[in-house]
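Bear in mind these aren't lab numbers, they're just calculated from the coordinates by the rules spelled out. Everything numeric in this text was worked out from a predicted model, so none of it was measured. Using ideal geometry, Cβ is built from the backbone for each residue, glycine included, and neighbour counts are taken over all protein chains shown.
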Amino acid sequence: MAAVHVCFNNSITQSSCNLRRLFNLERENISGRGQSVVQVNRKRVLNASLSVEVEAPDNVGKLGFGKITKEVIEMEGKVLVGTYARAPIVLERGKGCKLFDVEGKEYLDMSAGIAVNALGHGDADWLKAVVEQANTLTHVSNLYYSLPQVELAKRLVGSSFADRVFFANSGTEANEAAIKFARKFQRHAHPDVKEPATEFIAFSNCFHGRTLGAVALTSKEQYRSPFEPVMPGVTFLEYGNAQAAKELIQQGKIAAVFVEPIQGEGGIYSASKEFLQHLRSACDEAGALLVFDEVQCGLGRTGFLWAHEAYGVFPDIMTLAKPLAGGLPIGAVLVTERVASAISYGDHGSTFAGSPLICNAALAVLDKISKPDFLTAVSENGLYFKELLKQKLGRNPHVREIRGLGLIIGIELDVPASPLVDACRNSGLLVLTAGKGNIVRLVPPLIITREELELGAEILHQNLPVLDENNSN
Ligand SMILES: Cc1ncc(COP(=O)(O)O)c(C=O)c1O
């Protein structure tokens, strides 16, 4: 059995517990106060010791990361498929808008798990809903009825344009379901037509997910090309080009148009009211469906419960996911009765989706974020934050634009954003990139306070010089 020595001090005893669990480490003996000597269980972990052959990223160690962080990163490099270029911190716990890593360092979270943790971390009502439901009934499959699922659907229908809901487990799955529903709708609406409309329109800078249907609708070529052939029949048009969309929709082959009212991953670009209105009328004239992907911008983030309320334009289908269950996996497809009537038993389904546990958590989230006072606070805090950012960052020559609605804000730079994002993280602030990598994306928990927004803006401000340092050659 290969030994590894992991030293803990008393302040991170919690870390040590989690680490042991994570690595299935077995305590061999205790040597001294607050210090453990642990061993790796080879059978369960790897046929190698933790004193590694896999190199940690270059900056681990150089930046003074602790031993636990280094160990975890090295192990991740051995046991996980390398799909994620992660930041070199290991997060262990969170409360409100704060996160703490295994070394005990505190971060202000303005990433919210990529626009997921709308109520922050460990919201008491959300936690109660999860714990009580887990104690009562967690999962039964969709072979049976369950109370929280029906209640959540009722609440979503009651607060939106929609008549019915289909539950999924993620944003990409919600979009996958919307693709199927759109095609089935066209077949159902035109039973005598030999080749009903099966094609789709999506737009520049859009992101709809990673599964083979949703990725076919996603504009970044590098997400699609390694997996060709993806779903055929998708045309990408310029976001905002209503005329081009109208011309294509009129040809009668388009089953549905997928559009984000505010693009998140693509770079925090907002649609104009006219653009969405034109899409709506072109779809109506040709019998195509209009799908709003509100996976990132929906559910209160804009200060409106639904982002499309800011435009007064309504879809036939809306997809939701990220914040709906406050950090637990969920997706939802909201549809009109007209769309739902095309769908029959067996057309689509999911084992996990809509479980009592997830739906009860989502009810707790929806309860809070749909309150008018909550939404007003998001709006007002969003305006305050955007103004503050303009004051503090707007004069920097690398800052091109600060834009967004509510608490989805983008800072567009004329240089790559990652040096600033990395510097902020070292200073205790977590923010994201977006677009072609030159946009800082801010999607904090919706419960964030003014003081926290001020702190975030100040940390961004103080780290701005890094943009020059990285672009001086
Ligand atoms: C607008 C939009 N749609 C779909 C997705 C895919 O969601 P998921 O990662 O849950 O599959 C995302 C994820 O970022 C998104 O922002």
Between Phe352 and Lys95, what is the spin-label point distance in nm, taking each point 7 Å from the Cα along the Cα→C-beta axis?
-> 3.0
State the Cα centre-to-centre distance between the stretch 242-283 and the stretch 151-227 in whole Å.
-> 14
In degrees from 0 to 90, rounded to the nearest 10, what is the angle of the helix 124-136 Cα long axis to the longest principal axis of the chain?
-> 90
Residue-wise HN-Hα coupling along the stretch 253-264, computed from phi with Karplus coefficients 6.51, -1.76, 1.60 (Hz; x: Gly, Pro) = 9, 8, 6, 7, 10, 9, 8, 8, x, 10, 7, x
Label-point separation, Glu274 to Leu137 (7 Å along Cα→Cβ), nm | 5.3
Estimated 222 nm signal from helices in the chain, with DSSP H stretches of n ≥ 4 weighted -39500 (n - 2.57), rounded to 500 = -11000 deg cm²/dmol
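If you take every DSSP beta bridge fully contained in the chain, what fraction is antiparallel? Give it as a percent rounded to 5.
Working: 39 of 56 bridges.
Percent antiparallel among DSSP bridges in the chain is about 70.
Show me the ranking of peptides 126-135, 260-269, 378-387 by mean Cβ neighbours inside 10 Å, starting with the highest. Could you put the intermediate results ahead of the total?
Details: 126-135: 16.4, 260-269: 25.0, 378-387: 18.7.
Descending packing order for the listed peptides: 260-269, 378-387, 126-135.
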Which of Val165, Thr351, Gly113 sits closest to the plus end of the dipole of the chain, meaning its Cα is farthest towards the positive end, when Lys and Arg get +1 and Asp and Glu get -1 on the C-beta?
-> Thr351
Jot down the radius of gyration and Dmax of the chain, Cα atoms only, both in angstrom.
-> 23.8, 81
Sketch the reach of a paramagnetic label on Asp284 as a point 7 Å from Cα along Cα-to-Cβ, and name the residues of the stretch 230-256 whose backbone nitrogen lies under 13 Å away.
-> none
Rounded to the nearest whole number, the per residue volume of the convex hull around the C-alpha atoms of the stretch 372-473 in Å³ is 83
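For the stretch 124-370, what is the percent of antiparallel DSSP beta bridges, rounded to the nearest 5?
Numbers: 11 of 26 bridges.
Expressed as a percentage, antiparallel bridges in the stretch 124-370 total about 40.
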Hz values of 3J(HN,Hα) by residue in the stretch 393-398 - Karplus curve (6.51, -1.76, 1.60), Gly and Pro given as x | 10, x, 8, 5, x, 7
